[in-house]
Amino acid sequence: MPEPTKPLLRALAGEEVWPPPVWLMRQAGRYLPEYRAVRAGVKDFVALCTTPELAAEVTLQPIRRYGFDAAILFSDILILPWALGHGLEFKEGEGPVLPKLRDAAGLAALDPARVADAVAPVMETVRRVRAGLAREGFGQTALIGFAGAPFTVACYMVEGGGSRDFAATRAMAYADPGLFGGLMDKLTEATIGYLSAQAEAGAEVLMLFDSWAGVLSPSLFRQHVVGPATRIVSELNRRHPGIPVIGFPRLAGLMIGEYAATGVNAIGMDTSMDLARAAALLPDGIAMQGNLDPMALVAGGDALFAEVDTILLAMKRRPFIFNLGHGIVPQTPPEHVKALVERVRAA
Ligand code: CP3
């Protein structure tokens, strides 16, 4: 394996890169006027995710503005259940709406044989973004592919959309472990195939978003977060040695030490994490990523810089990737993002 040269890949290989590489979760999106212009021209969000020309364009928009160290494929974690044949709609101001998966018939209806064709446009987007980064002179920017982790995807499928506490999903995990385990297994295998296809198409890093990992008890966290991630990472490592994996078990708290044993190269830290204390729970070689509060980025000014500097100070002597603790929000002023990147790059 040749030594990586892109800053993000070096940090993921365990190197202390300073100033650290920087990118932001949801860096493509509604806070950018150029994204809203593209979005206004498509009939719905799924159409945007499955039209390679447009998905590649919006992936590149934040790179052109800010020169981030990573581009993240423009898609959504709910595209995989959609590809399995589960319905998906994004309603204005409401977020995703899906059928509720509550029984064996719902599980049996998920069809892995549909996935490859359904996600073919996503793979074409990956190829176009790689070509676009090279063509536009972003030779230091690495492309991240991603999927939702099985538990978080299951949350949306069982509830039929977002939820404050995913109570029906958690209750199903206890009350019907056969059904819930069957769903988790099916999603885990589909996730491996989907991420593997992204690596083959040109993704240089793969990320697993487990946004709702933190709603689980420690025993269920081991079973439905650590277990599937371990299986996914080991299979990806076998198929694609040298492609690093970032895990984001949001709100995992004290469980991140166990999550590190999944074999991920980096762990995304949510906003609640004290980085120095989190680092003490992790092996030295693993990279940490995070964890600026998205609301500090909305506020800007001295409050933003104070938070950025605190993070940089805590992470100076270890492999680190600067990011937010959760996705950027639509009301974020684009000029605050520019100020943030300049502050990190001046570290
Ligand atoms: O820039 C990027 O980060 C890449 C693209 C990306 C999107 N969603 C685009 C998107 C990524 C990596 C995601 C991940 C995602 N999607 C997660 C995990 C991370 C997290 O935020 O916790 C989750 C839970 C989802 C599910 C999802 N998608 C929800 C709950 C919503 C509605 C909320 C909202 O912000 O509207 C979406 C829609 C979505 N995904 C949008 C974008 C840009 C907004 C839709 C639009 O433009 O109309």
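Remarks
- Residue within region 56-72 that is within 18 Å of G139 (Cα to Cα), at pLDDT 95 or above, touching an Asp or Glu at 6+ places or on another chain (Cβ under 6 Å) and more than 11 Å from the ligand (Cβ to nearest atom) present: no
- Test: residue in region 313-331 that is in a helix (DSSP H, G or I) and surrounded by fewer than 21 Cβ atoms within 10 Å (Cβ to Cβ): yes
- Those helices (runs of 4 or more DSSP H) of region 256-299 in which 1 or more residues are closer than 18 Å to P218 by Cβ occupy 256-260, 275-279.
- In region 190-202, the condition of being within 13 Å of the ligand (Cβ to nearest atom), without any contact (Cβ under 8 Å) to a residue 40 or more places away in the chain and either assigned to a strand (DSSP E or B) or out of contact with any Cys (no Cβ under 8 Å at 6 or more places or on another chain) (or both) is met by no residue.
- Looking across region 15-35 at every residue that is part of a helix (DSSP H, G or I) and surrounded by 14 or more Cβ atoms within 10 Å (Cβ to Cβ), the one that is nearest to the ligand (Cβ to nearest atom) is identified as Y35.
- If you check R250, R239 for being touching a strand residue (DSSP E or B) at 6+ places or on another chain (Cβ under 8 Å) and at pLDDT 95 or above, only one passes: R250.
- Tallying residues that are in a helix (DSSP H, G or I) and away from the ligand (no atom under 16 Å from the Cβ) within region 149-181 yields 13.
- Taking residues in region 10-33 that are at positive phi, and partners anywhere that are at pLDDT 95 or above and in a loop (DSSP other than H, G, I, E, B), the pairs with Cβ atoms closer than 6 Å and at least 6 places apart or on different chains are G14/P319; R26/G327; R26/I328.
- Selection status of E335, farther than 23 Å from P7 by Cα, surrounded by fewer than 16 Cβ atoms within 10 Å (Cβ to Cβ) and more than 15 Å from the ligand (Cβ to nearest atom): yes
- Residue satisfying condition, being at negative phi, polar (S, T, N, Q) and more than 14 Å from the ligand (Cβ to nearest atom), within set T50, T5: T5
- Filtered residues of region 173-198 (kept if over 21 Å from L73 (Cα atoms) and either hydroxyl-bearing (S, T, Y) or surrounded by 19 or more Cβ atoms within 10 Å (Cβ to Cβ) (or both)): A173, Y174, F180, L183, M184
- Residue list for region 36-52, filter: in contact with an Asp or Glu (Cβ under 9 Å, 6 or more places away or on another chain) and part of a helix (DSSP H, G or I): V38, F45, V46, C49, P52
- Yes/no for P96 being crowded, with 19+ Cβ neighbours inside 10 Å and in contact (Cβ under 8 Å) with a residue 40 or more places away in the chain: yes
- Failed condition for F146, given (1) part of a helix (DSSP H, G or I); (2) under 21 Å from D111 (Cα atoms): (1)
- The single residue among P99, P81 that is within 11 Å of the ligand (Cβ to nearest atom) and more than 14 Å from F45 (Cα to Cα) turns out to be P81.
- Complete set of residues in region 120-140 that are buried (at least 24 other Cβ atoms within 10 Å of the Cβ) and under 18 Å from I243 (Cα atoms): V126, V129
- Boolean, D117 is of a type in the set (D, E), within 16 Å of the ligand (Cβ to nearest atom) and either surrounded by fewer than 23 Cβ atoms within 10 Å (Cβ to Cβ) or in contact (Cβ under 8 Å) with a residue 60 or more places away in the chain (or both): no
The values are calculated or read from the model by the stated rules, or taken from the named source; none is laboratory data. It should be emphasised that the depicted structure is a prediction, and the values quoted were computed from it without experimental measurement. Here Cβ is always computed from backbone atoms with ideal geometry, including for glycine, and neighbour counts include all displayed protein chains.
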